[in-house]
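The values are calculated or read from the model by the stated rules, or taken from the named source; none is laboratory data. Small disclaimer: the values here were computed from a predicted structure and weren't measured. Note that each Cβ is placed from the backbone with ideal geometry, even for glycine, and that neighbours are counted across all protein chains shown.
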Amino acid sequence: MRPLSRRDFLKYSTMGLSALAFNPLLDNRSLLKGFELGRVATDQLSVYSKPDDTSLIKYQVFRDDLVNIYEDVISENGPGYNPLWYRIWGGYIHSARVFKVKEILNEPLCEVPKSGLLAEVTVPYTRSYHYTRSTGYYPIYRLYYGSLHWITGIEDGPDGQPYYRIHDELLGDGKAGAFNYFAPAVHFRYVQPDEYSPLSQDVSPGQKKIEVDLSTQTLVAYEGSKQVFKTVISSGVPSSRNTDTPRGDFHIMRKIPSKNMSRDTTFTDDIYAGVLTGVPWASFITDPVAFHGVYWHNNFGMTMSSGCINMRTEEAKWLFRWTTPVTPANTREVNELHNDGTRVTIY
């Protein structure tokens, strides 16, 4: 793979953010408001005296630590594909494993329909709980900022405050007795249906296509011959474990706005042990390869995944809305069109 140069990184980052700001297809501008808080998204990171990993290490930060970000710094000392560093207290930290977050509390809904609603975590992370008669409430997953979850009810939690009941399609089918878990309602924002309504409906579905260049880690979306979006992505890490992103011609075959992509159902907080709940805006081209947002790294331009195509969450949301098949708002239904969805070429 040819890594992106610093010039490529700046160009594609600018193009992506400009599209989010000015492209009429994209109406969510939260990326441009800036963040002041970062969550450490790996076991341990070094804080350096300069934005340069050969400089003096000042101290260490650890998984799920929160740091104040004073400014973004583009370093001449790279790496070229991602030269972005953050200035924090006492030094600088590379952006690859720091996920920008906010702390927003929400008014709980008075009621939740049985069919459920899509909700987004709006705090750096929140604890979820399972309940049984024999054990009461006991803690399981941490749910992270930007992840999406299907809420199916509201009731008093272990502290007497309103908690949402969360349906998990990997663990249960939502019927009586199925596995559910609960988390504080104030930590979730109900996603309004018009936020993920279809885009560019006046364009024939056959005119839409996506091209992914694995050598440059870039994605381009077209309407006919017109380029409407371009950004950097993170594809699968080449290895003997079959984590490469497949090359070839595909179609978007199904979509689901909130997906549990865990490799097992172990109740642990460790993302890197394979626990990935509430992965946002998944658009599948095969089973199990999808375009989707991430909340566990910020290292676009480098291979990072187990085969999927990682995107910034707002960009994955745009792709989800722009492509066919259409997933109706307020439904967790998985749509399958058997090769009738938006065309995708990966090379």
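Taking residue 107, is it outside the structural domain of residue 231 (by TED's automatic domain parsing) and at pLDDT below 95?
no
Could you check the stretch 67-86 and list, in sequence order, the residues that are surrounded by 15 or more Cβ atoms within 10 Å (Cβ to Cβ) and within 14 Å of residue 40 (Cα to Cα)?
Selection gives 67, 69, 85, 86.
Residue by residue, here is whether (1) in a strand (DSSP E or B); (2) touching a strand residue (DSSP E or B) at 6+ places or on another chain (Cβ under 9 Å); (3) acidic (Asp, Glu) holds:
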| residue | (1), (2), (3) |
| --- | --- |
| 201 | no, no, no |
| 209 | yes, yes, no |
| 212 | yes, yes, no |
| 220 | yes, yes, no |
| 231 | yes, yes, no |
| 238 | no, no, no |
| 244 | no, yes, yes |
| 258 | yes, yes, no |
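For the stretch 31-81, what are the residues that are over 25 Å from residue 145 (Cα atoms) and small (Gly, Ala, Ser)?
If the condition is that a residue be over 25 Å from residue 145 (Cα atoms) and small (Gly, Ala, Ser), then 49, 55, 75, 78, 80 are the ones that fit.
Here is a list of conditions, (1) buried (at least 16 other Cβ atoms within 10 Å of the Cβ); (2) free of Cβ contacts under 8 Å to residues at least 40 places away in the same chain; (3) more than 13 Å from residue 184 (Cα to Cα), and residue 136 meets all of them except one; can you say which number that is?
With (1) buried (at least 16 other Cβ atoms within 10 Å of the Cβ); (2) free of Cβ contacts under 8 Å to residues at least 40 places away in the same chain; (3) more than 13 Å from residue 184 (Cα to Cα) applied to residue 136, the lone miss is (1).
Answer with yes or no whether residue 128 is in contact (Cβ under 8 Å) with a residue 40 or more places away in the chain and either in the same structural domain as residue 45 (by TED's automatic domain parsing) or within 30 Å of residue 179 (Cα to Cα) (or both).
yes
Just give me the residues in the stretch 97-140 being touching a Gly at 6+ places or on another chain (Cβ under 6 Å) and either part of a loop (DSSP other than H, G, I, E, B) or farther than 26 Å from residue 68 by Cα (or both), in sequence order.
Passing the criteria: only 112.
Scan the stretch 208-235 for residues that are buried (at least 19 other Cβ atoms within 10 Å of the Cβ), farther than 14 Å from residue 319 by Cβ and not aliphatic (A, V, I, L, M) and report the count.
Final tally of qualifying residues: 3.
Using beta carbons and a limit of 7 Å, which pairs, at least six apart or on different chains, have the first residue in the stretch 73-100 and at positive phi and the second one modelled with pLDDT of 95 or more and outside any loop (DSSP other than H, G, I, E, B)?
90/47; 90/58; 90/59; 91/47; 91/48; 91/58
From the list 205, 238, exactly one residue is within 18 Å of residue 317 (Cα to Cα) and modelled with pLDDT under 95. Which is it?
Going through 205, 238 in turn, just one is within 18 Å of residue 317 (Cα to Cα) and modelled with pLDDT under 95: 205.
Quick check: is even one residue across the stretch 100-123 under 30 Å from residue 332 (Cα atoms), small (Gly, Ala, Ser) and surrounded by 15 or more Cβ atoms within 10 Å (Cβ to Cβ)?
Within the stretch 100-123 (the criterion being under 30 Å from residue 332 (Cα atoms), small (Gly, Ala, Ser) and surrounded by 15 or more Cβ atoms within 10 Å (Cβ to Cβ)), the answer is yes, since at least one residue qualifies.
Kindly indicate whether any position in the stretch 155-169 is within 25 Å of residue 293 (Cβ to Cβ), touching an Asp or Glu at 6+ places or on another chain (Cβ under 8 Å), surrounded by 18 or more Cβ atoms within 10 Å (Cβ to Cβ) and outside the structural domain of residue 257 (by TED's automatic domain parsing).
yes
Which residues, counting only those in the stretch 46-65, are among the hydrophobic types (A, V, I, L, M, F, W, C) and either assigned by TED's automatic domain parsing to the domain that holds residue 145 or over 14 Å from residue 90 (Cα atoms) (or both)?
Once the filter is applied, which keeps residues that are among the hydrophobic types (A, V, I, L, M, F, W, C) and either assigned by TED's automatic domain parsing to the domain that holds residue 145 or over 14 Å from residue 90 (Cα atoms) (or both), the stretch 46-65 yields only 62.
Tell me whether the stretch 45-53 contains one or more residues that are closer than 20 Å to residue 179 by Cα and out of contact with any Ser or Thr (no Cβ under 9 Å at 6 or more places or on another chain).
The answer is no; no qualifying residue exists.
Filtering the stretch 141-185 down to residues that are outside any loop (DSSP other than H, G, I, E, B) and among the polar types (S, T, N, Q), which residue is modelled with the lowest pLDDT?
180
Going through the stretch 205-244 one residue at a time, which ones are more than 22 Å from residue 288 (Cβ to Cβ) and in contact with an Asp or Glu (Cβ under 9 Å, 6 or more places away or on another chain)?
Of everything in the stretch 205-244, those that are more than 22 Å from residue 288 (Cβ to Cβ) and in contact with an Asp or Glu (Cβ under 9 Å, 6 or more places away or on another chain) turn out to be 205, 207, 208, 209, 216, 218, 220, 221, 222, 229, 231, 232.
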